[in-house]
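Scroll down for the structure; my scribbles are underneath it.
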Amino acid sequence: MSMTDPVGDMLTRIRNGQRVGKSSVVSPASKLRTGVLDVLQREGYIRGYNINEIRKGVSEITIELKYFEGDAVIKQIDRVSTPGRRVYSKIKDLPKVYNGLGIAVLSTPKGVLSDQEAREQNVGGEIPARYSKEGQRCRE
């Protein structure tokens, strides 16, 4: 069965795994997914991940979820850019997620970066997703 939104599928697996308290979830592997997971690991949203080759040319990623005092570290995952509606941002128009408390992940010509790394490297790109951690909910 073909998948039309592989990054959205991975985010849903992470969200569902954390809701039921799993220690890890499994997702098919791709370069974009690995790039997103690299950013999440650098920013402290997941514990880590491993790539396992099932057979030649077919791999899967085991994502180790992170919890703090029994609660999931990732409180909110939003899919921004979808296959039907791509969302791009210039560096000067890149919004801060929860006033800088959350992160946006960008797919740029320099690789997959967090919004802060993209600002430092002065590069814009597509915004696949944004995240917020424990205690970083936006006050309304």
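Averaged over its residues, the chain has an accessible area of 59 Å² per residue, based on protein heavy atoms and a 1.4 Å probe.
Give me the Debye-computed log₁₀ of I(q)/I(0) at q = 0.24 Å⁻¹ for the range 71-140, equal point scatterers on Cα only, no solvent, two decimals. Scattering profile of the range 71-140, log10 relative to I(0): -1.05.
So what is the calculated 222 nm ellipticity per residue for the chain, using -39500 (n - 2.57) for each DSSP H run with n of 4 or more, over all residues, to the nearest 500 deg cm²/dmol?
On the way: 3 runs with 33 residues, N = 140.
Calculated from helices alone, the mean residue ellipticity at 222 nm is -7000 deg cm²/dmol.
Once all protein chains are placed together, LYS96 keeps about 130 Å² accessible to a 1.4 angstrom probe. Each Cα pair under 8 Å and six or more residues apart adds its sequence gap; the mean of these over the residue count of the range 1-124 is a relative contact order of 22 percent. In the range 15-88, the portion of solvent-accessible area held by carbon and sulfur atoms comes to 46 percent [1.4 Å probe, whole percent, DNA, RNA and ligands not counted].
In the list (i) 15.5; (ii) 17.8; (iii) 15.1, the label attached to Kirkwood radius over Cα pairs in Å as derived from the coordinates here is (i).
The values are calculated or read from the model by the stated rules, or taken from the named source; none is laboratory data. Fair warning: this is a prediction, and the values are worked out from it, not measured in the lab. What goes into the accessible areas is simple: the full protein's heavy atoms, side chains included, and nothing from ligands, DNA or RNA. Shrake-Rupley method; radii C 1.70, N 1.55, O 1.52, S 1.80 Å.
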